[in-house]
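The values are calculated or read from the model by the stated rules, or taken from the named source; none is laboratory data. Given the structure is predicted, the values throughout are model-derived calculations rather than measurements. Please note: Cβ atoms are built from the backbone with ideal geometry, for glycine as well, and neighbour counts cover all protein chains shown. Only protein heavy atoms, including side chains, enter the accessible area calculation; ligands, DNA and RNA are left aside. Shrake-Rupley method; radii C 1.70, N 1.55, O 1.52, S 1.80 Å.
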Amino acid sequence: MTHLWVRAESRPNEDRTGITPDGVARLIAQGMQVTVEESPRRIIPTADYARAGASIAPEGSWPAAPDDAIIFGLKELPADGQPLRHRHIMFGHAYKGQPSGQVLLQRFHAGGGALYDLEYLTDDEGRRLAAFGYWAGYAGAAVALKCWVAQARDTICGPVAAYPDQDHLVQELRAQMDATGLPRPNAIVIGAKGRVGRGACDLLTAMGVAVTPWDMAETASGGPFPQILMHQIFINAILAGPGVPVFVPESAKGPARDLRVIGDVACDPDSDFSPIKVYDRTTTWDRPALRVANAPPLDVMAIDNLPSMLPRESSQDYAAQLLPVLEQLDRIEAGPWGRARALFDRHVVAGQEQG
């Protein structure tokens, strides 16, 4: 019997979940065993999962789960260095040369476990089957505008927090922008046709911001792209990867620009392929903005779990996309799961050869 173990998220400010109680009930009806860890932070109460038929386990107890359990979470595991013996479903961020990712792969190699990376669950044509992208773009554009508001007040963006729902975010942000007394900024979104870009464009448009939507056709030349510097807000919605051109070079820190805020929603600063070269580390909920230039100011927003600002909407949306894939876990050697495992195996072998 396939046993799915839904772990509690250990990362601060992470209230999302990848499966709802209705999804748990469907998997159990299909013949799977589902265990859900207790969590005081998860946006959906643990009691709802119990009512759906899940077994409930203490928070953080997954290391003692049965060997055949498949551990399912979203964000990173505790960085305790312990070997990983289970099969894990999660966002690993381990295949683009990230130092932390290499450590994670070594832990799997040491323990004999495996990573089924949620980012690489794809159909036969290579398209992702589930993504948080829309809400990442939506929340990322919102925080970018908060950075712009802070600059209007001659300061830098302060801490951000999760919202009960989308309406609360929209109402608060609109009031903050109105209070500046300034005309709305203009913005450019690269990757505007994708999930992330659509979310960013929707939030910006709702705030009355004029948006220039760019996608693959507009960046096919490979750059440089002086048009980016002619906008006050730039939202990057394209994942780092081979062949992605540089959108913002180091020289963009100079004074000859209108650009004031970069919202790097894709947020891969430690990847060799990052298209934004003016910063080298992620930002946090406590310190959302990294000031990289002062005259005039240029702030980078690069929070890497943006959808958790809207945990209810993002969880419901993602869980609905992912459930049909989870229903295939009893055939984990085939289809999207088989492809994800093969990708993991290749990277582990490559890592050992390089080591």
Any pair with Cβ under 6 angstrom, 6 or more apart, that starts in region 61-80 at a residue that is within 13 Å of His3 (Cβ to Cβ) and in contact (Cβ under 8 Å) with a residue 60 or more places away in the chain and ends at one that is open to solvent by 30 Å² or more (accessible area, probe 1.4 Å) and charged (D, E, K, R): Ile70/Arg87
Test: residue in region 178-192 that is modelled with pLDDT under 95, under 23 Å from the mean Cα position of the chain (by Cα) and not basic (Lys, Arg): no
Residue in region 274-284 that is modelled with pLDDT under 95 and either in contact with a Ser or Thr (Cβ under 7 Å, 6 or more places away or on another chain) or in a helix (DSSP H, G or I) (or both) present: no
Residues of region 286-343 classified as part of a loop (DSSP other than H, G, I, E, B), touching a residue at least 40 places away in the same chain (Cβ under 8 Å) and closer than 17 Å to His88 by Cβ, total: 1
Matching residues, region 237-264, being of a type in the set (A, V, I, L, M, F, W, C), under 25 Å from the mean Cα position of the chain (by Cα) and either open to solvent by 30 Å² or more (accessible area, probe 1.4 Å) or closer than 17 Å to Met216 by Cα (or both): Ala237, Ile238, Leu239, Ala240, Val244, Val246, Phe247, Val248
Residue in region 212-227 that is over 22 Å from Glu14 (Cβ atoms), touching a residue at least 40 places away in the same chain (Cβ under 8 Å), of a type in the set (A, V, I, L, M, F, W, C) and crowded, with 16+ Cβ neighbours inside 10 Å present: no
Region 196-211, residues that are touching a Gly at 6+ places or on another chain (Cβ under 7 Å) and either open to solvent by less than 80 Å² (accessible area, probe 1.4 Å) or assigned to a strand (DSSP E or B) (or both): Val196, Gly197, Gly199, Ala200
Region 291-313, residues that are open to solvent by 30 Å² or more (accessible area, probe 1.4 Å) and closer than 26 Å to Ala131 by Cα: Asp304, Arg312, Glu313
Qualifying residue in region 264-281 (condition: on the phi > 0 side of the Ramachandran plot and touching a residue at least 24 places away in the same chain (Cβ under 8 Å)): yes
